[in-house]
Amino acid sequence: MRRRELFNSLASSFTKKQEEQVEFIRPPYNEDKSLFFKECPSCEAPCVTLCEEDIIVIAEDKTPILDFSKGGCTYCGECAKACEYEVLIEDSNQKISAKVEIDMLKCLSWNNTMCFSCKDPCLDDAIEFLGMFRPSVLENKCTSCGFCINVCPSEAISVKGV
């Protein structure tokens with residue numbers, strides 16, 4: 001085996017492992033994630049149709065996930081009100097189980113270009129800038145609503161399930 005073939009095989013196995021580790025971000029108001037797999041596949045998904053921001057979509061496994069490419073979650077509770085199987089519970093205080101991160105290498109502000117695209121839509125004031133540059137997400141304020149994600153011109157903001 002040549003050196004190039006070795007590196008290509010190593011790289012392809014690493015890429016496959018990353019693809020397998022995709023974790024979906026679930027809607028808020030859930031307290032037992034196992035209920036998504038137990039109850040949601042047989043449901044007609046009223047949570048999708050009643051979502052004001054149109055960010056709830058049905059995954060291949062027929063369970064609801066959040067798609068922040070369209071917007072963010074206002075925590076209006078309509079999805080929980082519509083849930084007949086109590087997968088999403090209206091009285092639950094459970095927020096979106098995710099962590100929002102800023103990639104410093106992709107971020108315009110971290111690369112000395114003035115940009116406040118992520119800060120402006122943040123309703124919780126959870127993105128802090130050091131001067132006019134270097135934004136960071138304040139974990140104690142961030143509700144993982146996702147409004148900052150689709151507005152980033154350099155796609156430097158990501159959300160990961162926790």
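The values are calculated or read from the model by the stated rules, or taken from the named source; none is laboratory data. Everything numeric here is computed off the predicted structure, so don't read it as measured data. Glycine also receives a Cβ, built like all others from the backbone with ideal geometry; neighbour counts cover every protein chain displayed. For accessibility, only protein heavy atoms count, side chains too; no ligands or nucleic acids. Shrake-Rupley method; radii C 1.70, N 1.55, O 1.52, S 1.80 Å.
Worth a mention:
- In the context of the full set of protein chains, the chain has a per residue accessible area of 64 Å² (1.4 Å probe).
- Positive-end ranking of CYS115, THR74, ILE89 along the dipole of the chain, with charges on Cβ about the Cα centre, is headed by CYS115.
- TYR29 accessible area, 1.4 Å probe, all protein chains in place, Å² to nearest 10: 20 Å²
- Three-way shape label, the stretch 46-101, alpha-carbon gyration tensor, a/c 1.5: rounded
- Computed E for ASP61/LEU138 - FRET, C-beta separation, R0 25 angstrom, nearest 0.05: 0.15
- Leading residue at positive end of dipole, the stretch 37-153 (Cβ point charges), from PHE37, LEU105, CYS142: LEU105
- Per residue, the average separation of C-alpha pairs within less than 8 Å and at least 6 apart gives the stretch 58-119 a relative contact order of 12 percent.
- A simple charge model with +1 on the Cβ of Lys and Arg, -1 on the Cβ of Asp and Glu and nothing else charged puts the dipole of the stretch 16-162 at about 600 debye relative to its Cα centre.
- Of all accessible heavy-atom area on the chain, the percent that carbon and sulfur account for (1.4 Å): 51 percent
- Residue among GLY71, GLY146, GLY131 with the largest mean-square fluctuation in a Gaussian network model of the chain, springs linking Cα atoms under 10 Å: GLY131
- Over the C-alpha atoms of the chain, the Rg to Rh ratio, Rh being the Kirkwood estimate, stands at 1.06.
- Calculated P(r) tail over 15 Å for the stretch 74-162, as whole % of Cα pairs: 61 percent
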